[in-house]
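Taken together, the values in this text are just the output of simple stated rules run on the coordinates, not laboratory data. Just so you know, these numbers come straight off a predicted model, no measurement behind them. Virtual Cβ from ideal backbone geometry, glycine too; neighbours counted across all protein chains shown.
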Amino acid sequence: IKREIFANIDGSINYDGTGKKITEPYIPGSSLKGKVRSLLEHSFGLIAEQKIKLRDKAGKPIDSNFAKSLDENLQKKANLIIILFGESAGSGDKSNTKITRAIFRDTFLTKESRKLYLEDKIKLSEEKAENTINRVSVIANPRFMERVPAGVEFDFEVVLRDFQEDKNLPLSKTIELGLLLLQNDALGGGGSRGNGKIEFEKFQNIENLKLKIKELMEEIEKSL
């Protein structure tokens, strides 16, 4: 997703309409929230259970009505997801509506990356060429897609609402697990073809990401 802004030479944004007008990429909070939630639902075994119980209706984010059909262990995990991420209007148990705890902000370009772009040292988008080849006729079918180049940095912010009733729930650990799962996966389309790899600055020095995910998952399960 792109937006137009006016930038100063130091990379800051000028909101009075002066400076250089540029078009820059940003990551919608809804994209981050949706992908993190999806990865958590998969890792908790909720999607697999949804396929069994709902069959052809599976695929939507889980809600409190679906949670009621689960065994005690899965129900705790489902309720944790619903408390964190909420449920869409018109779904779930309307008599027990909860305020969404996690707020994912739109993720905008850092001042430093914007400054590097203004100095013509980096690009903010690139065109990646891909190709499929028919195995029989050997005819090529090239396609092109736009993506953000490696090395561009964004300011990421997620807010966790803190309520007294949540004091025994592993909400922050679950958010951290979701971000680790995202770093181990991909954001956006074409992840299996090399697109969408991201890294959070907080997790840069984790040597064994898979082990860290496993340990965090065990901590969450013990605390439920």
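What the table below lists for this structure:
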read-out	value
Label point distance in nm, LEU160-ILE139, each placed 7 Å from Cα along Cα→Cβ	5.5
Net lengthening on full extension, ILE9/LEU54 (0.36 nm per residue, minus Cα-Cα)	10.7 nm
Helix-only mean residue ellipticity at 222 nm for the chain, each DSSP H run of n ≥ 4 adding -39500 (n - 2.57), per residue, nearest 500	-10500 deg cm²/dmol
Residue with peak Gaussian network fluctuation, the chain [Cα springs, cutoff 10 Å], from SER125, SER88, SER38	SER88
Gyration tensor verdict on the range 138-216 (Cα atoms; rounded if a/c is under 1.5, prolate if a/b is larger than b/c, oblate otherwise)	prolate
Gyration tensor verdict on the range 39-161 (Cα atoms; rounded if a/c is under 1.5, prolate if a/b is larger than b/c, oblate otherwise)	oblate
ALA150-ILE47 FRET efficiency (beta carbon distance; Förster radius 30 Å; 0.05 resolution)	0.50
Equivalent ellipsoid semi-axes, the chain, via Cα gyration tensor eigenvalues times 5, rooted, Å	35, 25, 17
Exposed-loop-free span, longest in the chain, where trypsin sites (Lys or Arg not before Pro) count as exposed if DSSP calls them loop and at most 15 other C-beta atoms lie within 10 Å	1-67
For the range 1-100, size of Cβ-based charge dipole, Lys and Arg +1, Asp and Glu -1, in debye	240
Pairwise FRET efficiency - ARG105 versus LYS128, Cβ, R0 = 22 Å, nearest 0.05	0.20
Positive dipole terminus of the range 80-224, leading residue within GLY189, GLY178, ILE213 (C-beta point charges)	GLY189
Loop chymotrypsin sites (Phe, Trp or Tyr not before Pro), the range 82-186, which have at most 14 other Cβ atoms in a 10 Å radius of their Cβ (DSSP)	PHE163
Rounded to the nearest 20 debye, dipole of the chain from Cβ charges on Lys, Arg, Asp, Glu	640
Where labels lie 7 Å past Cα in the beta-carbon direction, separation of ASN195 and GLU218 in nm	3.7
